[in-house]
Amino acid sequence: MATQIPIWSGTSTFAAGQTPFGFYDAEPSFVQDADNTSTWCAKRLGYPIVDVELQSGSLYAVFEEAITEYSSQVNYFNIKENLLNLQGSPSGSNLTHREITPNFGRTITLAQQYGTEAGAGGDVTYKSGSVSVSKEAGQSYDLDSLWANVSESGNSIEIKRVFYEPTPAIARFFDPYVGSGNGTDQMLQGFGWGNMSPAVNFLMLPMYDDLLRVQSIEFNDHMRKSAYTFELTNNQLKVFPIPTAKAKIWFEYIVESDRNQPLKTNSGSITDFSNATYDNMSYAQINHAGKQWIRKYTLALAKELLGSIRSKYGSIPIPGGETNLDGDTLRNEASTEKENLMTQLREDLEATSRRNMLERQKDEAEFMSETLNRIPYPIYIG
């Protein structure tokens, strides 16, 4: 018994539910173009001169596939182009057909890490701690055992700053005129400057006098006393000079696990290529250039499908013998056409990347500047 092969009838009438996924069945422009594109593909494949072993449902399916392929390629490009600006933003809204504004989100996140290390901002909390020092305890203090194990439940800490300094020289200024009987206290009080004492040396003497006095006090301390300093190695604090009385030394620190935590717990945020929310494009919003690419890709897919069908049967009987079908030829042509169309689309998308557009804008600005430099300045005659 001869096999009955369904062929294109010459006309089609699209109805919702005739595509595999139904992505665009509700769009009037898709409904209209589905029949027009099917008729065009059939004629490009030889109808009505030769029979086309495809039905309208098959042509609708490859038309839908061509649209989704076009949408996917454009979305792939947009994700690659914008992912740096999208990471961390909410993943709930559809980003298709939306302009993404470049921002400093990731740069700021990186800068916060530097800020943490520099003690100038950042996103890790600086904490304060203290240890008691005394002559009996000596010079060396283990901040892990004395503080981290007690106040941070044994978590590793990193000391950022130790407050162990001599009294500032400015605090040891004295006014030689105070109490001398010159009445400077009363004079200052009379002018309402009583809280500005010590007295007139701050008003009458030049600023370099204060600087020389500070330098003298600090140099005296450095030469005649043991300098206030410390060593900090692996949270082992060693202070100089040896404490002579009980006191507290304060320090700032961070918990290392707070700083070394690379994972963010922002659920529902865009993190990588896989959850950037680009959906299928609306067919009505694709321009004519895009729809022309879709029509050509639909034809290549239809040719590939027809080639597979004809390769399956191989040959058909005719009066007095049989004839071989051109299935392999159609599939080879379809493969080449698909590859060329995909290469063209990707090159066109890459040409519109932010980097390439900025480079062209720079070239245009340089060309315009050179052109303007060749224009002679006007001569005004008064």
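The values are calculated or read from the model by the stated rules, or taken from the named source; none is laboratory data. This structure is a prediction, so every number in the text was calculated from the model and none was measured. Every residue, glycine among them, receives a Cβ derived from its backbone with ideal geometry; neighbour counts consider all protein chains shown.
In the range 195-241, how many residues are surrounded by 12 or more Cβ atoms within 10 Å (Cβ to Cβ), of a type outside the set (Ser, Thr, Tyr), modelled with pLDDT of 75 or more and touching an Asp or Glu at 6+ places or on another chain (Cβ under 9 Å)?
Qualifying residue count, the range 195-241: 6.
For the subset of the range 51-71 comprising residues that are in contact with a Pro (Cβ under 9 Å, 6 or more places away or on another chain) and not in a helix (DSSP H, G or I), which member is surrounded by the most Cβ atoms within 10 Å (Cβ to Cβ)?
Leu54
Looking at Tyr164, Tyr114 in this structure, which one is farther than 30 Å from Tyr283 by Cα, modelled with pLDDT under 90, among the aromatic types (Phe, Trp, Tyr) and surrounded by 16 or more Cβ atoms within 10 Å (Cβ to Cβ)? I'd like the intermediate steps shown before the answer.
Values: Tyr114 fails: surrounded by 16 or more Cβ atoms within 10 Å (Cβ to Cβ).
Step by step, each of Tyr164, Tyr114 is checked, and only Tyr164 is farther than 30 Å from Tyr283 by Cα, modelled with pLDDT under 90, among the aromatic types (Phe, Trp, Tyr) and surrounded by 16 or more Cβ atoms within 10 Å (Cβ to Cβ).
Would a scan of the range 313-326 turn up a residue that is part of a helix (DSSP H, G or I) and either modelled with pLDDT under 80 or not assigned by TED's automatic domain parsing to the domain that holds Glu65 (or both)? Can you show your working first?
To start, the set of residues in the range 313-326 that are part of a helix (DSSP H, G or I) comprises 313.
Narrowing further to those that are either modelled with pLDDT under 80 or not assigned by TED's automatic domain parsing to the domain that holds Glu65 (or both): 313.
Scanning the range 313-326, I find at least one residue that is part of a helix (DSSP H, G or I) and either modelled with pLDDT under 80 or not assigned by TED's automatic domain parsing to the domain that holds Glu65 (or both), so the answer is yes.
Among all residue pairs at least 6 apart or on different chains, which show Cβ distances below 7 Å where the first residue, located in the range 144-161, is in contact (Cβ under 8 Å) with a residue 40 or more places away in the chain and over 20 Å from Lys238 (Cα atoms) and the second is exposed (fewer than 14 other Cβ atoms within 10 Å of the Cβ) and not aliphatic (A, V, I, L, M)?
Asn155/Ser257
Given the options Ser93, Ser38, Ser9, name the one that is in the same structural domain as Met342 (by TED's automatic domain parsing), among the hydroxyl-bearing types (Ser, Thr, Tyr) and over 17 Å from Ile294 (Cα atoms). Walk me through how you get there before you give the answer.
Values: Ser38 fails: over 17 Å from Ile294 (Cα atoms); Ser9 fails: in the same structural domain as Met342 (by TED's automatic domain parsing).
After ruling out the rest, the residue left standing is Ser93.
Among the residues of the range 17-45, which ones are under 14 Å from Ala300 (Cα atoms) and more than 41 Å from the chain's Cα centre (by Cα)? Steps first, please.
Residues of the range 17-45 under 14 Å from Ala300 (Cα atoms): 37-38, 40-45.
Listed by number, the residues that qualify are Ser38, Trp40, Cys41, Ala42, Lys43, Arg44, Leu45.
Looking at the structure I just gave you, is Glu81 more than 30 Å from Met342 (Cβ to Cβ) and touching a residue at least 40 places away in the same chain (Cβ under 8 Å)?
Values: more than 30 Å from Met342 (Cβ to Cβ): no; touching a residue at least 40 places away in the same chain (Cβ under 8 Å): yes.
Criteria not met by Glu81.
When only residues in the range 124-143 that are out of contact with any Lys or Arg (no Cβ under 6 Å at 6 or more places or on another chain) and of a type in the set (Val, Ile, Thr) count, which is nearest to Ser156 (Cα to Cα)?
As a first pass, look at the range 124-143 and keep what is out of contact with any Lys or Arg (no Cβ under 6 Å at 6 or more places or on another chain): 125-129, 131, 133, 135-138, 141-143.
With of a type in the set (Val, Ile, Thr) added as a condition, the list becomes 125, 131, 133.
Details: Thr125: 14, Val131: 17, Val133: 22 Å.
Filtering the range 124-143 for residues that are out of contact with any Lys or Arg (no Cβ under 6 Å at 6 or more places or on another chain) and of a type in the set (Val, Ile, Thr), the one nearest to Ser156 (Cα to Cα) comes out as Thr125.
Taking the options Trp8, Trp40, name whichever one is touching a residue at least 60 places away in the same chain (Cβ under 8 Å), in contact with a helix residue (DSSP H, G or I) (Cβ under 8 Å, 6 or more places away or on another chain) and surrounded by 14 or more Cβ atoms within 10 Å (Cβ to Cβ). Step through it out loud before you land on a result.
Numbers: Trp8 fails: touching a residue at least 60 places away in the same chain (Cβ under 8 Å).
Result: Trp40 is the single residue among Trp8, Trp40 that is touching a residue at least 60 places away in the same chain (Cβ under 8 Å), in contact with a helix residue (DSSP H, G or I) (Cβ under 8 Å, 6 or more places away or on another chain) and surrounded by 14 or more Cβ atoms within 10 Å (Cβ to Cβ).
Would you check if Lys135 is basic (Lys, Arg), within 30 Å of Asp258 (Cα to Cα) and at pLDDT 85 or above?
Numbers: basic (Lys, Arg): yes; within 30 Å of Asp258 (Cα to Cα): no; at pLDDT 85 or above: yes.
The answer is no for Lys135.
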